[in-house]
1. Pick from G62, G35, G57: which is buried (at least 20 other Cβ atoms within 10 Å of the Cβ) and at pLDDT below 75?
2. Please count how many residues of the range 134-162 are over 25 Å from Q66 (Cα atoms) and in a strand (DSSP E or B).
3. Please work out which one of (1) closer than 14 Å to F41 by Cα; (2) out of contact with any Lys or Arg (no Cβ under 6 Å at 6 or more places or on another chain); (3) crowded, with 16+ Cβ neighbours inside 10 Å is the condition R148 fails and give its number.
4. Criterion first (touching an Asp or Glu at 6+ places or on another chain (Cβ under 7 Å), more than 19 Å from Y37 (Cα to Cα), β-branched (V, I, T) and at pLDDT below 95) does V161 satisfy it?
Amino acid sequence: MKRALILPLLAALAFAGPAHAEDYAVSAIKYKNKGAYKAYFNIRVKYSNGNVIECEGKNTTGQGIQSGKSITIQLDNSDHSLDSDIYDVCTPKVGNEVWGMVYIDRGLGYSPASNRESCKKDKTKFYYHPDGGTLVVHTEGTTENGNRCRIDKKGGVKYPVD
């Protein structure tokens, strides 16, 4: 009886194929620190030639984002939340893939190599568009576990935007 059920199930999965990627248009990224640590949040922009640039948010430097706090970065830099010295490089063009990168402070100061969490997901992609929504992400847990970057809201605007 069990074998009779397993074979049709396996056949159905084989025909279904891999899960389809979801693409969303975003104009801002909001990060919430729900963890028991200070965090620093930057954005990454992927250009059409494959280069990826990491851009520091002005409001994430210094003391970092304390536990229980959040920040929002407008990707067009209309709120001057991105480092103005590299404004042209860090302001994405329509269609550039964007995502966040969280650096977690382990108590020794800002040390990105020791604990970083990417907000990029394999099956969900986010592209800059001025009519896009706000991507909301968070980390939680402690410096040692449970602190991966999670998506709360995808912004609700499918990409490409009509």
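1. On the way: G62 fails: buried (at least 20 other Cβ atoms within 10 Å of the Cβ); G35 fails: at pLDDT below 75.
That would be G57, the only listed residue that is buried (at least 20 other Cβ atoms within 10 Å of the Cβ) and at pLDDT below 75.
2. Within the range 134-162, the first condition is being over 25 Å from Q66 (Cα atoms), and the residues that meet it are 156-162.
From what's left, in a strand (DSSP E or B): 158.
Residues that pass the stated criteria total 1.
3. Evaluating R148 over (1) closer than 14 Å to F41 by Cα; (2) out of contact with any Lys or Arg (no Cβ under 6 Å at 6 or more places or on another chain); (3) crowded, with 16+ Cβ neighbours inside 10 Å leaves (3) as the failure.
4. On the way: touching an Asp or Glu at 6+ places or on another chain (Cβ under 7 Å): yes; more than 19 Å from Y37 (Cα to Cα): yes; β-branched (V, I, T): yes; at pLDDT below 95: yes.
Spelling it out, V161 is indeed touching an Asp or Glu at 6+ places or on another chain (Cβ under 7 Å), more than 19 Å from Y37 (Cα to Cα), β-branched (V, I, T) and at pLDDT below 95.
The values are calculated or read from the model by the stated rules, or taken from the named source; none is laboratory data. Worth saying up front: this structure is predicted, and the values here are computed from it rather than measured. No Cβ is skipped: glycine too gets one built from the backbone with ideal geometry, and neighbour counts run over all protein chains shown.
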